[in-house]
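S.K.: Have a look at this one.
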Amino acid sequence: MENKFDNANWHFDDAYNGYCKRFDCEQDRENSNHIEAGVVYAATHMGMYIAWIIKHNLEGSIHKKDSKEDLDKVRNNQMTGVEFLLKNCDGKLWSDDFNQEGLEFTRSYYEYYLRDYADLILCEFDIEYSIYEVEDKWTNYESISIMLDTAYSDFKKGKVGCVR
C-alpha cells in the first residue's frame, strides 16, 4: 500500500500568505517570483526531511535508479532537500521515496516530526509569523538534522514520539 505523507500543495496557502506578509507583496501577489517563493516555503519542512533521509541512505530505490546524480548533490550540499523534493518528488513525500527502514521510520515519526519541527523553529529560529518562514539553506538544516538524529535514535530503540 502506497502512502502519501505530505504535499507542498497542502501548505502553499499558509506559506504564501506568510511570505507575502513578511516581504510585503500583497499588491503584487500574482508575480511568479512570489509564487515560486511560496512553493519553496511550503516545501521547506519536507525538503529538510528528505535531505536527512538521503544523507542517511534511507531513500527509496526509485531515487537510486532515477535520481543518482541529485542524491550525490544533496549528500555533498550542492542541492538542497527542497530542490531535490521539487525536482524529483513533485513536491510530495510518498512511501516510494523511502527504503524499508526509512519508510518504517517515517510511518512511525512523521506526524511527530511536524510538531517537533514547529517547536524547534519557533523556539530557536528568528521567526516572526509562521513555521513557513524557514529559509531553505544548509545552516538551517543542521538544527533540523540534530532533531531527526535524536528521533531516529529513539526509533531504533523502539521509542515513538516527540523529540522535544
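S.K.: Select from the stretch 74-88 the residues that are free of Cβ contacts under 8 Å to residues at least 40 places away in the same chain and either of a type in the set (Phe, Trp, Tyr) or surrounded by fewer than 16 Cβ atoms within 10 Å (Cβ to Cβ) (or both) and write down the one among them that is farthest from Leu103 (Cα to Cα).
M.R.: Gln78
S.K.: Counting only residues that are part of a helix (DSSP H, G or I) and either surrounded by fewer than 16 Cβ atoms within 10 Å (Cβ to Cβ) or over 13 Å from the mean Cα position of the chain (by Cα) (or both), how many does the stretch 89-111 have?
M.R.: 12
S.K.: I want to confirm something. Restricting to the stretch 43-73 and keeping residues that are over 26 Å from Ser130 (Cα atoms) and aliphatic (A, V, I, L, M), which single residue is surrounded by the fewest Cβ atoms within 10 Å (Cβ to Cβ)?
M.R.: Ile62
S.K.: Out of the residues in the stretch 116-127 meeting the condition of being charged (D, E, K, R) and more than 13 Å from the chain's Cα centre (by Cα), tell me which one is nearest to Phe5 (Cα to Cα).
M.R.: The extreme case among them is Asp119.
Where a number appears in this text, it was derived from the coordinates with a stated rule and is not lab data. No experiment lies behind these values; they were computed from the predicted model shown. Please note: Cβ atoms are built from the backbone with ideal geometry, for glycine as well, and neighbour counts cover all protein chains shown.
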